Amino acid sequence: EMPTGRVLTYPNNFIFKHSLTNVTKNHLLISHRFSLLITLETDYKKANRVLEKAVHQTFEQLLKRSDRYFDDNVTDLTNYIPQVYHSIEDSGISFTIWFGCRSGRFRQVLEIYTSNILDAFIAEGVELAYNTMRLIK
């Protein structure tokens with residue numbers, strides 16, 4: 001599901017015995033993802049429209065910043081245009097957002113995306129959900 005098409009698999013025993021660092025020498029940008037959950041009662045089509053608009057506006061905003069979150073040498077950003085996917089989960093509808101940014105800038109970029117999405121959800125009345133559990137006797 002990664003826009004780069006690269007999937008790496010390591011056995012658990014390798015990860016527990018060795019330190020693992022994600023170092024990409026040939027790729028200046030790295031794909032990241034985060035998820036959020038809305039209630040089942042919320043209109044998911046409306047939430048999807050609001051989310052896609054907020055995510056794409058954030059991407060355009062990041063492109064225009066002087067402290068560039070994308071490397072100047074990368075001219076083709078089509079693989080890093082944010083993508084929004086959704087799925088049904090036990091506690092609600094989960095949206096997963098994939099986006100690309102320069103290595104080492106994940107936290108700053110994630111905060112910008114999150115703030116813009118939360119502002120858009122508040123303005124449009126989209127309710128976030130929280131994880132729930134079912135107890136069966």
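Some notes on this structure:
- Surface listing: SER87, SER103, SER31 arranged by accessible area from highest to lowest gives SER103, SER87, SER31, probe 1.4 Å.
- Average accessible surface for region 78-136: 65 Å² per residue, computed with a 1.4 Å probe over protein heavy atoms with every protein chain in place.
- Distance between the 7 Å Cα→Cβ label points at GLU60 and THR132: 3.7 nm.
- ILE15 - accessible surface, heavy atoms, 1.4 Å probe, Å² rounded to 10: 70
- Taking amide H as placed 1.01 Å from N in the peptide plane, the amide H of GLU89 sits under 5 Å from that of SER94, each at least 5 places away or on another chain.
- In this structure, the amide hydrogen of HIS32, modeled 1.01 Å from its nitrogen in the peptide plane, lies closer than 5 angstrom to those of PHE99, GLY100, CYS101, counting only residues at least 5 positions away or on a different chain.
- Surface accessible to a 1.4 Å probe, VAL55 within the full protein complex, Å²: 0
- Restricting the trypsin sites (Lys or Arg not before Pro) of region 28-58 to loop positions (DSSP other than H, G, I, E, B) with no more than 15 neighbouring Cβ atoms within 10 Å leaves nothing.
- Heavy-atom accessible surface of region 79-137: percent carbon and sulfur, 1.4 Å: 51
The values are calculated or read from the model by the stated rules, or taken from the named source; none is laboratory data. Note that the coordinates shown come from a computational prediction; the quantities given were computed from them, not determined experimentally. Positions of Cβ are backbone-derived with ideal geometry, glycine not excepted, and every protein chain shown enters the neighbour counts. Each accessible area value is taken on the protein alone, full model and side chains, heavy atoms only, with ligands, DNA and RNA left out. Shrake-Rupley method; radii C 1.70, N 1.55, O 1.52, S 1.80 Å.
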